[in-house]
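Below: the structure, in structure tokens.
Read-outs: derived from the displayed coordinates by stated rules, not from any lab. Since this is a predicted model, take the numbers as computed values, not measurements. All Cβ positions, even for glycine, are placed from backbone atoms using ideal geometry, and neighbour counts span all protein chains on display.
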Amino acid sequence: MKAIIPVAGMGTRLRPHTHTLPKVLLNVAGKPILGHILDTVVDAGISQVLLVVGHLGDMIQDWVRSHYDLDLKFVEQKEPLGLGHAVGLGLDREDNGVLIILGDTILELDMVDFLGSSCSCLGVKAVKNPRRFGVVEEEKGLVVRLVEKPEHPPSNLAIAGIYYLKSGGDLWKCVQEMMAEGRKTGGEYQLTDALQLMVDRGEKLKAYPIDGWYDCGKPETLLATNRHLLDKRGNRRGKAHSYGKNALVIPPVSIGDGVKIEHSLVGPYVTLADGASVGNSIVTNSIIGEKAVVERSLLAGSLIADNALVRGAFRKLNVGDSSAVDFE
Ligand code: UTP
């Protein structure tokens, strides 16, 4: 079976980080988002992986090739014309079973069960605000309608970014037809529209409930996913890290290779990538990039990119009796 992972998007909601690093290479709980996704694919026994790349695609290619020994293919999406277009570039008219996983979603599910389904299926999760997502309407467990970011959602079942198609070739045909007709929704060729064509033509598509759906598309969801993964998978401590004088580390944390901490309190829920250093600081609920330096700072809910320097200062105050000093 072939896995298609579309990773060509611009990642605008994670700027400025995505100006220089593709979204899928952002570190969460000690490895790039894409590493978590590829590990799931490998664990499911799939070795044929096609990535649809665009923005900063060479960086993605280099990273994947140097970390995974798989049957890899990279196809370029020159313009971000939509997820349907991206997936179409990865499909072939002869494809049989195809797994599609979006590049900004970490999923926890029983892949053997998902891929062992008797018909095609897509992951869904009940959400509070379905208007922000692709939404499905189902009847007796089978999808009858798919709508992209609907104003009046037919249900609260959001599409969770994972799809298994028994015939990738049939999806290929539907994508080609959608594009030949110029059928766009919200200015883009949508995967939901191509799947709707398949359903209209009699494809049995099951809505497969997924509990573990962790989005990485925005700063707050990336940090929430970091917290979840650290809670679930526990601490990671890299090689040659050093806790110097007065280093207090509160788990769960992920400490990369060669990390240095001194006179600081780090954690809980902190990822420090390889070579990062923290001195005279308090850092909690944050992701600090490779070789980034944090000094004399109080950080919470922060994303600090690779090689960045954050240096604060201690304040000098002369506060009199009955005064109130509030920096909020
Ligand atoms: P998103 O719309 O969530 O990702 O697409 P994005 O475009 O990178 O992020 P924002 O909205 O600008 O912040 C979901 C997945 O589909 C891929 C993206 O790379 C992401 O993995 N995608 C989306 C493509 O590969 N091509 C597209 O044209 C659109």
Just to be sure before I move on: is Thr18 under 18 Å from the mean Cα position of the chain (by Cα), surrounded by 15 or more Cβ atoms within 10 Å (Cβ to Cβ) and farther than 26 Å from Pro209 by Cβ in the structure I sent? yes
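Residues are listed down the side, and each one gets a yes or a no for (1) touching a helix residue (DSSP H, G or I) at 6+ places or on another chain (Cβ under 6 Å); (2) of a type outside the set (S, T, N, Q); (3) within 13 Å of the ligand (Cβ to nearest atom); (4) not in a helix (DSSP H, G or I):
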| position | (1), (2), (3), (4) |
| --- | --- |
| Gln176 | no, no, no, no |
| Gly182 | no, yes, no, yes |
| Asp193 | yes, yes, no, no |
| Leu197 | yes, yes, no, no |
| Ala207 | no, yes, no, yes |
| Gly217 | yes, yes, yes, yes |
| Thr221 | no, no, yes, no |
| Asn226 | no, no, no, no |
| Lys232 | no, yes, no, no |
So Val53 ticks every box in (1) in contact (Cβ under 8 Å) with a residue 60 or more places away in the chain; (2) buried (at least 19 other Cβ atoms within 10 Å of the Cβ) but one. Which box is left unticked? (1)
Considering each of Met59, Met1 in turn, give the residue that is aliphatic (A, V, I, L, M), away from the ligand (no atom under 11 Å from the Cβ) and closer than 30 Å to Cys119 by Cα. Met1
Mind checking which residues of region 1-27 are in contact (Cβ under 8 Å) with a residue 40 or more places away in the chain and not aliphatic (A, V, I, L, M)? Lys2, Pro6, Gly9, Gly11, Arg13, Pro16, His17, Thr20, Lys23, Asn27
Which numbered condition in (1) without any contact (Cβ under 8 Å) to a residue 40 or more places away in the chain; (2) within 16 Å of the ligand (Cβ to nearest atom) is the only one that Gly84 fails? (1)
Got a number for residues in region 135-147 being part of a strand (DSSP E or B) and away from the ligand (no atom under 16 Å from the Cβ)? 9
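Quick one: which residue in Gly320, Gly275 is within 28 Å of Lys23 (Cβ to Cβ), small (Gly, Ala, Ser) and either in contact with a Gly (Cβ under 8 Å, 6 or more places away or on another chain) or outside any strand (DSSP E or B) (or both)?
Working: Gly320 fails: within 28 Å of Lys23 (Cβ to Cβ).
Result of the check over Gly320, Gly275: Gly275.
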